[in-house]
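Engineer: Can you read through this structure? Questions will come right after.
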Amino acid sequence: MCLSIPVRFFQFCYSLRRCGARIAIFFLVSIGLILAISTQAQNSNFRKKKISIETPLTVYFIDVEGGQSTLFVTPSHQSLLVDTGWPDHAGRDAARILAVAKLAGLDHIDYLLITHFHIDHVGGVPNLAQKIPIGTYIDHGVNRETGNAATQQAWENYQKVLAHSHARHILAKPGESIPLAGVTATIISADGNLIDTPLPGAGEPNSYCKDSPARSPDETENARSVGIVLQYDKARLVDLGDLTWDKEMELMCPVNKLGPMDVYIVSHHGTAISGSPALVDGIAPRVAIMDNGENKGGSPSAWEIIEKSLRLKGLWQLHFSTQGGSQHNVTADRIANLQGGSDGNYIRLSLYPDGAVTVFNSRLAGQAAERTIRP
Ligand SMILES: [Zn+2]
């Protein structure tokens, strides 16, 4: 009898020679099994790695009827909501934000960034804060447009929410970053101040400054907007809130401090007091999304600057613009809401690390709702 381990395997050995052969087979099979398990584990890791590399930064453009509310969900599932739309309307905008947040699989908002204190941006905060937990508020500080009663009231209502909340509060400063994992979110503008130095890779002279006549300084909260650039690997996106033409000129002339962008969230809902050629042609976006309302933003001149931009492959609008009429609106398949009022369709944009972009129009869900634009 052979005295070997495991005993059960060798208990029927009846000769030394046969037993040796069985031992060899046992070790060969064991090594084979180990190699197979190890290869499978490597493949599994590779697949996991590949999936995580290809996970997009997802951006939802929520219809708040001409205000702004843009929800970013990072590949690691952190959330950054930029603005909250209007108050009133029976909590319409907060309800729409909550519905999209649920679609995105969120039960809280990590960061809520308020670009400025106009009522179409900060107005929805009291309603929203009652519906979903908010981890950190980011804003530019105090209301600079105290002569505007509606703006002052909106700011005071926002202060009450901050005072009663246990959330953190960050005062936005140009050049600083919002702490997101895997995505760099740089603050470009805040309270009328701008980044001093160009972003990495930017800093070239901007040849489009000559196409942008100087305009007098905007004295409202618009010029105080907190603007951000998000960088996800090679992909770049800019959202400057309602930053105005005069500030764009400071930011982009004579030196282009932003550099090229894959995605432009159209400033100021496509209103003509923003969106200069110095900005739009300077960043030369490949995709632009305009968060206009039926009767707010979507100005023909601002629309045309975007449409003629050299690298543009696709402009989408949250609404058909009445003032754009038949000449200055994109085709219906790129408009989320063909009429104002109670539509509430959203646009979802997926930004991949190589700069590829997929845009989904929720109005066309089930039809040809999705378009992909490769780098
Ligand atoms: Zn606005």
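Engineer: Mind listing whichever residues of region 196-234 are surrounded by fewer than 22 Cβ atoms within 10 Å (Cβ to Cβ) and touching a Phe, Trp or Tyr at 6+ places or on another chain (Cβ under 7 Å)?
Structural biologist: Of everything in region 196-234, just one residue is surrounded by fewer than 22 Cβ atoms within 10 Å (Cβ to Cβ) and touching a Phe, Trp or Tyr at 6+ places or on another chain (Cβ under 7 Å), namely R215.
Engineer: Further question: Pairs needed: first member in region 88-109, in the same structural domain as T136 (by TED's automatic domain parsing); second member anywhere, at pLDDT 95 or above and charged (D, E, K, R); C-beta distance under 6 Å; at least 6 residues apart or different chains.
Structural biologist: The qualifying pairs are A94/K131; L98/K131.
Engineer: Which members of region 174-195 meet the condition of being crowded, with 21+ Cβ neighbours inside 10 Å and in a strand (DSSP E or B)?
Structural biologist: Selection gives I178, A185, I187, I188, S189, A190.
Engineer: With the structure loaded, tell me whether D239 is under 21 Å from I347 (Cβ atoms), acidic (D, E) and within 15 Å of the ligand (Cβ to nearest atom) or whether it fails that test.
Structural biologist: In short, yes.
Engineer: Now for a different question. Among the residues of region 265-280, are any more than 23 Å from P56 (Cβ to Cβ), surrounded by fewer than 23 Cβ atoms within 10 Å (Cβ to Cβ), away from the ligand (no atom under 13 Å from the Cβ) and assigned by TED's automatic domain parsing to the domain that holds Y346?
Structural biologist: Taking every residue of region 265-280 in turn, at least one turns out to be more than 23 Å from P56 (Cβ to Cβ), surrounded by fewer than 23 Cβ atoms within 10 Å (Cβ to Cβ), away from the ligand (no atom under 13 Å from the Cβ) and assigned by TED's automatic domain parsing to the domain that holds Y346.
Engineer: Further question on the same structure: Given (1) surrounded by fewer than 23 Cβ atoms within 10 Å (Cβ to Cβ); (2) farther than 22 Å from L171 by Cα, where does Q152 come up short, assuming only one miss?
Structural biologist: (2)
Engineer: In region 56-100, which residues are farther than 24 Å from Y264 by Cβ and surrounded by fewer than 24 Cβ atoms within 10 Å (Cβ to Cβ)?
Structural biologist: Residues satisfying the conditions are S76, H77, P87, D88, H89, A90, G91, R92, A95, L98, A99.
The values are calculated or read from the model by the stated rules, or taken from the named source; none is laboratory data. Bear in mind that the values here come from a model prediction, so they are computed numbers and not experimental data. Methodologically, a virtual Cβ is constructed for each residue, glycine included, from the backbone with ideal geometry; neighbour enumeration extends over all protein chains shown.
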